[in-house]
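*Asks:* Let me give you the structure first, and then I'll get to my questions.
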DNA sequence: TTGTGACTTGTAGTCCGTT
DNA sequence: CAACGGACTACAAGTCACA
């Protein structure tokens, strides 16, 4: 599985687990709402700067977001 | 410490530990040598696609490359 | 062997909206 | 609330010559 897809599904799963909407997460991470949507669909490969913003908004480490969680 | 700098120093350290030149690493990861040089100097925030290419060329997980190694 | 500048191209990332 | 479109700007990605 390519890292972009792994990241995409981790992002969606962790966001939902925290009970956040895409918009709330986007606001916390200070990135665009539509971009979060695109990331969860695997359309883009984010930079590690964005990866870190999302990770901290979710309260996890950046590594957690790109690691295969079986 | 920002993730970009953490990545930059990890990249250089791990490359040197493996005894590879920037050129050899670039070749293995199928990216440009001067781009590797830029990454080690923290000029760019790589996408997770590039992160993965470099990680696999170094034989480590992507997470290892962005984790603070005190 | 690595750093750097100048440059071009492609994709990341934003902002407006509608379904 | 989320998917998706177009139009745009910002920056990563890649190339080359040269110190």
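*Asks:* Under 10 Å, Cα contacts only: if you run a Gaussian network model on chain B, which one of B:40, B:52, B:24 comes out with the highest mean-square fluctuation?
*Replies:* Result for chain B, Cα springs under 10 Å: B:24 fluctuates most.
*Asks:* For chain B, just the Cα set please: Rg and Dmax, both in angstrom.
*Replies:* In order Rg, Dmax, the Cα atoms of chain B give 10.5, 29 Å.
*Asks:* Listing A:13, A:65 from the residue with the fewest other Cβ atoms within 10 Å to the one with the most, what is the order? List each step's numbers first, then the result.
*Replies:* On the way: A:13 12, A:65 22.
Arranged by neighbour count, lowest to highest, A:13, A:65 become A:13, A:65.
*Asks:* Rounded, prolate or oblate for the protein assembly as shown? Axes are the square roots of the Cα gyration tensor eigenvalues, ordered a ≥ b ≥ c, and the cut-off for rounded is a/c under 1.5.
*Replies:* Working: a/c = 2.10, a/b = 2.00, b/c = 1.05.
Prolate, since a/c reaches 1.5 and a/b exceeds b/c.
*Asks:* I want to verify a result. In a Gaussian network model of chain A, Cα cutoff 10 Å, which of these has the top mean-square fluctuation: A:39, A:20, A:58?
*Replies:* Most flexible of the set in this elastic network: A:20.
*Asks:* Here is a follow-up. Considering every residue in B:24-34, what mean count of other chain Cβ atoms within 10 Å of its Cβ is obtained?
*Replies:* For peptide B:24-34, the averaged partner shielding equals 0.
*Asks:* Using Cα pairs under 8 angstrom and six or more residues apart, how large is the relative contact order of region A:3-59, in percent? If you can, show how the numbers build up before the last one.
*Replies:* Details: 40 pairs, mean separation 24.4, N = 57.
The value is 43 percent.
A short reminder: the numbers here are calculations on the coordinates, not readings from a lab. Note that the structure is predicted; figures quoted are calculated from it, not measured. Note that each Cβ is placed from the backbone with ideal geometry, even for glycine, and that neighbours are counted across all protein chains shown.
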